[in-house]
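Step one of this worksheet: look at the structure below.
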Ligand SMILES: [Zn+2]
């Protein structure tokens, strides 16, 4: 496996222009680099070091090749990651889009409404039993 897929280039050179915070792999590269110690000048795009970017880009490429996915994807602004929403509802601290956060709030509100409805129904049933016992 290639270990250096990115040509060494300072962040201010054109070769690194696409390795910025707008790159969808920026959070992945940043996580890979989180345990490293670098000077800020060593971070491509101010995000991650060359090795961390290479690791993120290589993994992305390998997944795309393995599953026969196109290498360039247009992000769907209306996409909601159902797995991330479910994990967030269980209390995991995740990075979510604004749409996903709204979906989590909507679903949690549904759960609260359902629980209140069940609690109220149970209370009425219990009240009816108490009334019948008199
Ligand atoms: Zn690093």
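Bear in mind these aren't lab numbers, they're just calculated from the coordinates by the rules spelled out. The shown structure was predicted, so the numbers you read here are calculated from the model rather than taken from an experiment. Here Cβ is always computed from backbone atoms with ideal geometry, including for glycine, and neighbour counts include all displayed protein chains.
Just a few scattered comments:
- Figure legend. Inter-residue proximity from the range 37-66: first residues without any contact (Cβ under 8 Å) to a residue 12 or more places away in the chain, second residues surrounded by 13 or more Cβ atoms within 10 Å (Cβ to Cβ), beta-carbon distance below 6 Å, spacing 6+ or different chains. Indicated pairs: 38/49; 42/49.
- So residue 108, is it touching a helix residue (DSSP H, G or I) at 6+ places or on another chain (Cβ under 7 Å), surrounded by fewer than 14 Cβ atoms within 10 Å (Cβ to Cβ) and not in a loop (DSSP other than H, G, I, E, B): yes
- Selected residue (criterion: nearest to the ligand (Cβ to nearest atom)) from residues of the range 50-63 that are surrounded by fewer than 19 Cβ atoms within 10 Å (Cβ to Cβ) and either more than 15 Å from residue 18 (Cβ to Cβ) or within 18 Å of the chain's Cα centre (by Cα) (or both): 51
- Selection within the range 34-48 - surrounded by fewer than 19 Cβ atoms within 10 Å (Cβ to Cβ) and within 9 Å of the ligand (Cβ to nearest atom): 34, 35, 36, 37, 38, 42
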